[in-house]
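Right, one structure below, let's go through it.
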Amino acid sequence: MRHRKHSNSLGLVTAHRRALLANMAASLLTHGRIETTEAKARAVRPYVEKLITLGKRGDLHARRQALAKLRHRPIVDRLFGDVATACSDRVGGYTRMIKTGYRAGDAAPMAIVELVDPIVAATTEA
């Protein structure tokens, strides 16, 4: 039974899973889009959405909470600067997941996770 089980463990121990999600979130905030497996994409979306909500709050406590999760000061500065201002008029749904097919090596289902706002995507490409 999966009573009260709200997240997927991805077959990883807790420390590895937390590091994986933090690194994937940092890459997504840096580059604007990442390609990964569907399971990891489903796991990283709410993680990034909560970080962007912290960025929109903008106070010192939110910045420290984001820094505790991401552990990279320049990425937190980018989150609270570019990303938060670009997503300021949006209530939620800052990311989208696009299924792209199956990986050639092991036939794992793949997906692209990207930030929705084009301003964020344009600044991340530059």
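The values are calculated or read from the model by the stated rules, or taken from the named source; none is laboratory data. What you see is a predicted model; the values in this text were computed from it and never measured. Counting neighbours? That spans all protein chains shown, and the Cβs are built from the backbone with ideal geometry, glycine included. Heavy atoms of the whole protein, side chains included, go into the accessibility calculation; ligands, DNA and RNA do not. Shrake-Rupley method; radii C 1.70, N 1.55, O 1.52, S 1.80 Å.
Seen against the Cα atoms of the chain and their longest principal axis, helix 60-70 is set at about 30 degrees. When the solvent-accessible area of the chain is split by element, carbon and sulfur atoms take up 54 percent of it, the probe being 1.4 Å.
Only the Cβ atoms of Lys and Arg (+1) and of Asp and Glu (-1) were treated as charged; on that basis the dipole of the chain about its Cα centre amounts to roughly 680 debye.
When you restrict to C-alpha pairs under 8 Å that are six or more residues apart and normalise by the size of the chain, the relative contact order lands at 31 percent. GNM remark for the chain: springs join alpha carbons under 10 Å apart, and the peak mean-square fluctuation among His61, His31, His72 falls on His61.
If you take all C-alpha pairs in the chain, what percent of them are over 18 Å apart? Kindly include the intermediate steps, with their values, before the conclusion.
Working: 4236 of 7875 pairs.
Percent of Cα pairs beyond 18 Å in the chain: 54.
Rounded to the nearest 500, what is the chain's calculated 222 nm mean residue ellipticity when only DSSP H runs of at least 4 contribute -39500 (n - 2.57) each, over all residues?
Details: 5 runs with 63 residues, N = 126.
That calculation yields -15500 deg cm²/dmol at 222 nm.
Once you reduce segment 82-105 and segment 1-60 to the center of their Cα atoms, the two points are 12 Å from each other.
3J(HN,Hα) along segment 74-87, derived from phi through the Karplus expression 6.51 cos²θ - 1.76 cosθ + 1.60 where θ = phi - 60°, amounts to x, 6, 5, 4, 5, 4, 7, x, 5, 5, 5, 6, 6, 9 Hz, with x in place of Gly and Pro. The 3J(HN,Hα) values that the Karplus relation (6.51, -1.76, 1.60; θ = phi - 60°) gives for segment 19-24 are, in residue order, 5, 4, 5, 5, 5, 5 Hz. Gly and Pro appear as x.
Evaluated on segment 47-121, the Kirkwood hydrodynamic radius is 13.5 Å, with distances taken between all distinct Cα atoms. Pairs of Lys residues in the chain are counted when their Cα atoms are under 18 angstrom apart and they lie 8 or more places apart or on different chains; the count is 6.
Over segment 5-103, accessible surface divided per residue gives 59 Å², non-protein components excluded, 1.4 Å probe. Among the trypsin sites (Lys or Arg not before Pro) found in segment 17-126, those both in a DSSP coil and sparsely packed, with 14 or fewer other Cβ atoms within 10 Å of their Cβ, are Arg71, Arg90, Arg103.
Would you work out if segment 62-102 is rounded, prolate or oblate? Take a ≥ b ≥ c from the square roots of the eigenvalues of the alpha-carbon gyration tensor; rounded if a/c is under 1.5, else prolate when a/b is larger than b/c, oblate otherwise. Taking the square roots of the gyration eigenvalues as a ≥ b ≥ c, segment 62-102 is oblate.
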